[in-house]
Structure formats: C-alpha cells, structure tokens
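The values are calculated or read from the model by the stated rules, or taken from the named source; none is laboratory data. Predicted model only: the values in this text are computed from it and were never measured. Using ideal geometry, Cβ is built from the backbone for each residue, glycine included, and neighbour counts are taken over all protein chains shown. Side chains are part of the model used for accessible areas, which takes the heavy atoms of the whole protein and leaves out ligands, DNA and RNA. Shrake-Rupley method; radii C 1.70, N 1.55, O 1.52, S 1.80 Å.
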Amino acid sequence: MAKIKEHYHNEIESGMRKCITLDKEAQDNLPQHIKDKMKADRDKACGSQLIKELPILFSTPMVQAIAVHKNKSQTRRTVGLDEVNQNPDQWTFLGMELHPRIETEINTYKVFEGYFAVFANEQEETNLFVKTRYGQPGDLLWVRETISFYRGFAEDKKPDAPFIYKADKDECGQYPCLLNGETVMVNQREPWKPSIHMPKSAARIWLQNEIVGVERVADISEQDAIAEGVIYDGIGHEWICYDNTTCCFETAKESFRSLWQSINGKPKPSYVKIDGKLDISGYTVFPFDLEAAEQFLNLREISLGYREYKNRPLKIIVNPWVWVVKFKVLSTTGKPAEL
C-alpha cells in the first residue's frame, strides 16, 4: 500500500494526476506544492469547466433543513460506491481526480469525462476510479422533493395547476400555493408525487457544489454533523433523536448517527429484471457502525451467520464509504435569474 501511495503522489507532482482530498490530516501531511496544485484544481473546476445542472433527491425533513431552518450545507450518499462497499475495509481513499473530455480524431470518449474518486485496494494492490453522479466543485444541483398539485382547477386546466410542496406544511395542515399571482394557503391537493418523479420545472431549491469527496460515514466530525442539518433543541440544550431509540443526544454526531440509521439502517431492495418484470433480488442495509449493526441483527433475530431478509439475501455493510457533498444554497424560490 505504501508503494501505491508513493506512486500516486509522484504522479501528482509530475502533473499526471489532479488530487483533491477531504481528509484534513492527509491534507496537512502533503507537500506544499501538492497543496497548491490541489487549490489550483479546485479553482479550475469552479472556473474554466462547463457548469452542469444535476438533480439530487432530498427527504422532506432535509428540504426543511435547507429551506426553513437554513442549517444544512452537506449531504452523504452511498449511491455509486457499490464496488468499494462490498468490502469497505479493503479500500483506501486516495483523493479526487478531474478528467476533462478526451477528444480524438476517431471518437469522443465521454466515459473518461467527469469527477472521480480514486481508491486503492490494500490486498490486491490495485486502484479503482469511481465517477460521482453529484458533479464537481462549481456544478449546480437542483433539488428533487415531494410535490403535489392544487386540486381546485378544472379538469381541462389541471396541467396548469400550481405545485404544492410537502415540506411547506404549516401547523394547520395547509400549504402555500401561488394562485393568480398571490400566495394563499390551501389544503386541496392531488396525491403526493415521490421526489424521484419531480420535474425540473418544479425545482425551487438550487445548490452549488463547493467540495465533493469521499469518506467512511462514521468518520464524520462534530462540525460536519452540524452541517448535515441535525436539529438542536435550544430549550433542553440537546440534539434530537431521529430513529426513536432515545429522546435526545449530547452531541450532533450522535444525532446524525440516528438520522443515518432512520434512513439507511433499514433494508433497501435491489432489483433484477426477469422476463421483462422487476423482481427483488436481495436487500442491503448500511449500519453507521458495528454497534448499529448488532442492534439491527438483534432487533430482527438474525444471527451473524444468517443473512436473509424476507426470503431474499441480505447484505450488511457496516460503516460504508459515502460521497460527501458540501454545498452552498443559491436559492430556495426558484432558479436564480443570473444562471
């Protein structure tokens, strides 16, 4: 592994590679000229590259953290890191690389275009490049959230019905809705439309990437846990619990752990197409740490040697690798006019 890292740093020094890492200790230990090169790469990514607009899904509580509480500027996701998360402990994160589009006289190899996480396998002494679907520093993210439509329109005018956002619900169960140029509170709506199906035309929250990287989820710091948008109870001077395992916590990291468990501590299905129909091939769960994994197993009376859930194979990935996206909020009322 030492030889792989040494070779990797040599390539950075020679200009063959561009590296950005979120690991503060690793950044401090790099030579100054490599730090300068990392900063130049970030500036280039934000300035000279074409800015892309990419969708990103957020749950209703996290939309509220961004738009209402205004305390969320980071998110962590496992999507696209399947290979390294098969055996997370075998991989070491080396940094991020920016690959511009490669033009040739024969073809355009778009597969090499994008922002990649670079991993090294300690056992096989090989490198792996994983492209992030969340873009690079400077790219824009438009938020997909749960929406509906105002039900008061006649059938022939329904395509023009204004959007209603689930995150906007008030204490009386009503939602703000733009009708005839004025915002009014309504409770008449169509059934909720899952965020995955929200069209870009309904996007009101726009973000801009500042840093995109990778880390193990349990390595999150107290400061980053706060930036994830967990809520502090000013009255009780404690952080709230999201998975109903207790009432509250003394630290933001413990609160984020409960938030992670409430979302990723439940088995998620994987699908395979058989005879043109989708069928569940198995389930995956991503416990925050070993203690969370043991709680999951005990709760469901599943022994460590018995990995099955609802008569399907169950994969338990403890402390997975995650994308870490740090962003700034550009707008919560629609796409900024200057974009």
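A compact table of results
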item: Subset of segment 121-143 (residues that are of a type outside the set (S, T, N, Q) and part of a strand (DSSP E or B)); result: Leu128, Phe129, Val130, Lys131, Leu140, Leu141, Trp142, Val143
item: Check on Ile211, assigned to a strand (DSSP E or B) and either open to solvent by 40 Å² or more (accessible area, probe 1.4 Å) or under 26 Å from Arg133 (Cα atoms) (or both); result: yes
item: Odd one out for Gly229, checked against (1) open to solvent by 70 Å² or more (accessible area, probe 1.4 Å); (2) on the phi > 0 side of the Ramachandran plot; result: (1)
item: Residues that are in a loop (DSSP other than H, G, I, E, B) and either touching a Lys or Arg at 6+ places or on another chain (Cβ under 8 Å) or among the acidic types (Asp, Glu) (or both), drawn from segment 58-85; result: Phe58, Ser73, Val79, Gly80
item: Hits in segment 171-184 (condition: open to solvent by less than 90 Å² (accessible area, probe 1.4 Å) and either of a type in the set (Gly, Ala, Ser) or touching a Pro at 6+ places or on another chain (Cβ under 8 Å) (or both)); result: Gly173, Cys177, Leu179, Gly181, Val184
item: Tally of residues being farther than 30 Å from Pro313 by Cβ and touching a strand residue (DSSP E or B) at 6+ places or on another chain (Cβ under 7 Å) across segment 229-271; result: 17
